[in-house]
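Enquirer: This structure is in C-alpha cells; I'll ask about it shortly.
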Amino acid sequence: MTAPQTLYDKLWHSHAVAELPTGETLLYIDRHLVHEVSSPQAFASLRAAGRRLRRPRTHLAVADHAVPTRQRGGDIADPLARAQVAELEENAAAFDVPYRALTGDGQGIVHVIGPESGFTLPGITLVCGDSHTTTHGAFGALAFGIGASECGTVMAAQCLKQRKARTMRVELVGTLPAHVTAKDVALAFIAKVGALGAQGHAVEYAGPAVEAMSMAARMTLCNMTIEAGGRIGLVAPDDTTFAYLRGRPMAPRGSRWDQAVAYWRTLRTDVGAGYDKQVTLDLAGIAPHVSWGTSPDEALPITATIPDPAAIADDSARRHAEKALAYMDLKPGTPLEQVAIQRVFIGSCTNGRIEDLRAAAEVVRGRTVAAGVQAIVVPGSTQTRQQAEAEGLDSIFTAAGFEWRHAGCSMCVAMNDDRLAPGERCASTSNRNFEGRQGPGGRTHLMSPAMAAAAGIAGHLIDVRKLLS
Amino acid sequence: MTIQPFTSLTGIAASLPEENIDTDVIYPARFLLITARDGLGNYAFHDRRFTADGQERPEFVLNRAPWRDAPILVAGANFGSGSSREQAVWALLGRGIRCVIAPSFGEIFHANCYRNGVLPVTLPAADVARLAALAEAGAELTIDLPGQIIAVEGMAPLSFAIAPDRKQALINGWDETAVLLNAHGKDIAVFETRHRAVQPWLFEEEARP
C-alpha cells in the first residue's frame, strides 16, 4: 500500500526516468509544441551538434506568435516574420516534425490547437517554449513552459531535468454568478495570492465549481496560473474531459480509447493526500474583474475604484502601484467604470476559444462599437474561426463594427502589426498587462471576453451585467 | 552551442533597484522575430534605454558611465518574471552581463541563466540593497563561483548558495543536452519500454499521417 498521492505526484512519478544526485529528476517528455519564436535556436543547436530528434512525431509545429491576422495567403509583409515562419517550415521538414501550415485548417495558437487536435491528453507530460503551456494542465497533463535551450534538449533526449514543485490546492466552491467567468475567477485568485503567490508550486484546481466548468473554462484557469507565478496548473480529468477529447483527430480510438479512459480515471488526487498550501475561493461573491495596473495581480471588481497607493501597507506593492498608476495614467479614487478605452482585443490562448467568442457575441449582438474605439476579434485557431463563422458569430461582430481576423497570438504579445500606439488604452482578454506588452507605451486592462465586448460597446470599462440584465 | 565557462568574475555592477523587472522589459516581444542567439545585446532593456524615436535615455543606468559595460547586474526581487523567452538571457549575455544578483528570480529565467553560462545569485533583500548602494557608488565586485563568495570593499564577504551540479556545469561550460545524453541514454530507453506498456497510445503517433 503506497502513501496517498496528489494528481501532481502521480503525473511526476509516472514520468521519472532517473533520480539525480542533485535532488532533481530526469523527467520523460511525451509531447512538445513547437512555434516559430522559441524553436529556431533549438533546431540550430541540434544542427551544430549533429543531433537528430529522438521521436520526431511527438512534436507538433505551428506558426502563431508573429503571424499577421489581417489576411492569410501570400507573403507576410514583415521580412523578419516572413523569415521566421519560413525557417520553422524548413526546420520541420528537415527534422521530420509534423507541421501545420499557416494557410491550412489546422493552424492556430499552440495552446488552442493542442487540445483541439487531441494532441493534448490526460496523463502526459507536455512542454512548449512558452510560459502559457500551463493551459494544457486543464486535461490533467503535466504541462509547463520551457526555454529554447530546453526545447533543444527535449528534441534530442525526450527528457528534461526538473526539480519537483511544491503543491497548492485551490478549492473553488459556490456557483459563479451569471456573466462571471473563469477569467474573473483567475483574476480574483491572482489578486488574492499575488503575482508570486503560486511560485514554486504546482497548482491543482479542485472542488465542485471546477467539476462544473467546461474545458474552455478550465483552460482559461490553468492558462492564468503562470500569472500567479505557478508553472503548472492542473485539473483532474473527468467525464467532461473525456467527452471533449473523444473523436479528436489525434486522440486514441477504438479499444485504445477505452484503455486510455480506464487509465485516465486513475489520475485523481487520493483521499488523504496532502498539499503544501491550500486556498479556498467562494465563487458566489465574485464580480467581473478588470486589471488596473501593470501586474496581473493588480486587479479589482469592476464595481471598485482605482486604489490609492498610499493606503497599501506593503512597501513593495505600494511602490509598484505608484509606478503602475503613472504608467497607466490613472488617478486614485476614479471609478473603474469611468476609465475610457480606445481599443478592444478579444482573443489569445487565454480567451480565444469558441466559448469565449460566443460569450462576447452575446454582448455585442444588435449593438455598435462606441465612436473612436477600434475593436478586433482574433480567433485562437483557424478551426475556431471556421466554427464561429458556421454559427454566424463573425456577422454579429462585423455588424457591430468589430474587425474579424485570422488566428494567431496577435495583440496579446504584439509581435505582428497588431499593437497599441503609445498611450492607447485597451480592454483585452489576454493574460499580461506588463508595461509595453501590447506595444510600447500601450495600456492594458485584462478582463473576460464579455467584459471586453461590453467595454467596446460603451467606450469605457463597464460591468457587463448592466448590458445583459 | 558553446557556453563560456564561469569561474570568477570581477567588475563593476549596474544597479536596477526595481522589483518585478519582467522579460518584456528585459527583451521586448517585438524583437523576438530575430532568430539569432548572438548579437542581441543592443535589445536588452531596449525601451528603458531608448525613447520611442530611438534616442538614448541618459538617466538609465546602462546608458551611464561607467556602468554601460558592467558585467554584473544587481536587481530587485522577482527579476526575469513573465515569459519563458530565453532571449532575455541572451540579450544580457550580448551586453557581457554574466551575473545577476537579486532577492528572487522568475523561475524559468532563473533556469535559463544556468543553461547559458550566466550566474543568477539569490541573496536576502537586505544584502542586495547594500550591494546596490555600493554598486551605485562605483564599487567593483568579485564573484568567486568555486568559493561561492561575493567580495566587495566596504562590506564583509557574502556567501551564496548554488546547486552542486549547476555549479559544476557553469565552471566547466557544459552543454546540458550532451551531459544528459551521455549519462542517461540507457535509462531513457529502459523507461520508454516501461512507459509504452502503461500508455501504449502515446507510442502510436508514428503511424499517423
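Enquirer: Spot the failing condition for residue A:205; the list is (1) in contact with a strand residue (DSSP E or B) (Cβ under 6 Å, 6 or more places away or on another chain); (2) part of a helix (DSSP H, G or I); (3) among the aromatic types (Phe, Trp, Tyr), and only one is missed.
Expert: (2)
Enquirer: Hey, does the stretch B:184-199 have a residue that's more than 24 Å from residue A:156 (Cα to Cα) and either at pLDDT 95 or above or in contact with a His (Cβ under 7 Å, 6 or more places away or on another chain) (or both)?
Expert: Residues of the stretch B:184-199 more than 24 Å from residue A:156 (Cα to Cα): none.
No - not one qualifying residue is present in the stretch B:184-199.
Enquirer: OK, next. What are the pairs with Cβ atoms under 7 angstrom where one residue, in the stretch B:116-127, is within 22 Å of residue B:40 (Cβ to Cβ) and the other, located anywhere, is aromatic (Phe, Trp, Tyr) and buried (at least 20 other Cβ atoms within 10 Å of the Cβ)? Sequence gap at least six, or different chains.
Expert: Every condition considered, the pairs that remain are B:116/B:90; B:117/B:6; B:119/B:6; B:120/B:105.
Enquirer: Just to confirm my filter: which helices (runs of 4 or more DSSP H) fall fully inside the stretch A:315-413 and include at least 1 residues that are out of contact with any helix residue (DSSP H, G or I) (no Cβ under 8 Å at 6 or more places or on another chain)? Show your work before the answer.
Expert: Values: elements: A:315-328, A:348-351, A:354-364, A:382-390, A:393-400.
Because the criterion is at least 1 residues that are out of contact with any helix residue (DSSP H, G or I) (no Cβ under 8 Å at 6 or more places or on another chain), the helices (runs of 4 or more DSSP H) in the stretch A:315-413 that meet it are A:315-328, A:382-390, A:393-400.
Here's the yes/no breakdown for (1) over 28 Å from residue A:417 (Cβ atoms); (2) crowded, with 18+ Cβ neighbours inside 10 Å; (3) of a type in the set (Phe, Trp, Tyr); (4) more than 14 Å from every other protein chain (Cβ to nearest Cβ):
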{"site": "B:6", "(1), (2), (3), (4)": "yes, yes, yes, yes"}
{"site": "B:31", "(1), (2), (3), (4)": "no, no, yes, no"}
{"site": "B:58", "(1), (2), (3), (4)": "yes, no, no, yes"}
{"site": "B:64", "(1), (2), (3), (4)": "yes, no, no, yes"}
{"site": "B:94", "(1), (2), (3), (4)": "no, yes, no, no"}
{"site": "B:100", "(1), (2), (3), (4)": "yes, yes, no, yes"}
{"site": "B:103", "(1), (2), (3), (4)": "yes, yes, no, no"}
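Enquirer: Identify, please: which residue in the stretch A:440-469 is surrounded by fewer than 22 Cβ atoms within 10 Å (Cβ to Cβ) and part of a loop (DSSP other than H, G, I, E, B) and is, among those, modelled with the lowest pLDDT?
Expert: Checking each candidate, the answer is A:469.
Enquirer: Output the number of the condition that residue B:114 fails; it satisfies all remaining conditions of (1) within 13 Å of chain A (Cβ to nearest Cβ); (2) in a loop (DSSP other than H, G, I, E, B); (3) of a type outside the set (A, V, I, L, M, F, W, C); (4) surrounded by fewer than 24 Cβ atoms within 10 Å (Cβ to Cβ).
Expert: (2)
Enquirer: Related question: Show the residue pairs meeting these rules: Cβ distance below 6 Å; 6+ apart or different chains; first residue within the stretch A:235-248 and surrounded by 17 or more Cβ atoms within 10 Å (Cβ to Cβ); second residue in a loop (DSSP other than H, G, I, E, B).
Expert: What qualifies is A:236/A:140; A:236/A:268; A:237/A:122; A:237/A:140; A:237/A:267; A:245/A:118; A:245/A:251.
Enquirer: Quick check on my filter: what residues within the stretch A:131-151 are under 18 Å from residue A:109 (Cβ atoms) and assigned to a loop (DSSP other than H, G, I, E, B)?
Expert: Going through the stretch A:131-151, the residues under 18 Å from residue A:109 (Cβ atoms) turn out to be A:131-139, A:141, A:143-146, A:151.
Across the stretch A:131-151, the qualifying residues are A:141, A:146.
Enquirer: Here is a further query. May I ask you to verify whether residue A:428 is on the phi < 0 side of the Ramachandran plot and at pLDDT below 95? Before the answer, list the steps.
Expert: Values: on the phi < 0 side of the Ramachandran plot: yes; at pLDDT below 95: no.
When the stated conditions are applied, residue A:428 does not pass them.
Enquirer: Here is a further query. Scanning the stretch B:31-83 for residues that are part of a loop (DSSP other than H, G, I, E, B) and among the hydroxyl-bearing types (Ser, Thr, Tyr), which turns out farthest from residue B:111 (Cα to Cα)?
Expert: Residues of the stretch B:31-83 part of a loop (DSSP other than H, G, I, E, B): B:34-40, B:44-45, B:51-55, B:57-60, B:64-66, B:70-71, B:76-78, B:80, B:82-83.
Then keep just the ones that are among the hydroxyl-bearing types (Ser, Thr, Tyr); that gives B:35, B:51, B:83.
Numbers: B:35: 21, B:51: 31, B:83: 13 Å.
Among those residues, the one meeting the criterion is B:51.
Enquirer: Answer yes or no: is there a residue in the stretch B:120-137 that is polar (S, T, N, Q), surrounded by fewer than 19 Cβ atoms within 10 Å (Cβ to Cβ) and in a loop (DSSP other than H, G, I, E, B). First the steps, then the outcome.
Expert: The first filter runs over the stretch B:120-137 and keeps only residues polar (S, T, N, Q), leaving B:122.
Add one more test, that the residue is surrounded by fewer than 19 Cβ atoms within 10 Å (Cβ to Cβ), and what stays is B:122.
Of the ones still in play, those that are also in a loop (DSSP other than H, G, I, E, B) are none.
No: zero hits.
The values are calculated or read from the model by the stated rules, or taken from the named source; none is laboratory data. None of the values given here were measured: they were computed from a predicted structure. Methodologically, a virtual Cβ is constructed for each residue, glycine included, from the backbone with ideal geometry; neighbour enumeration extends over all protein chains shown.
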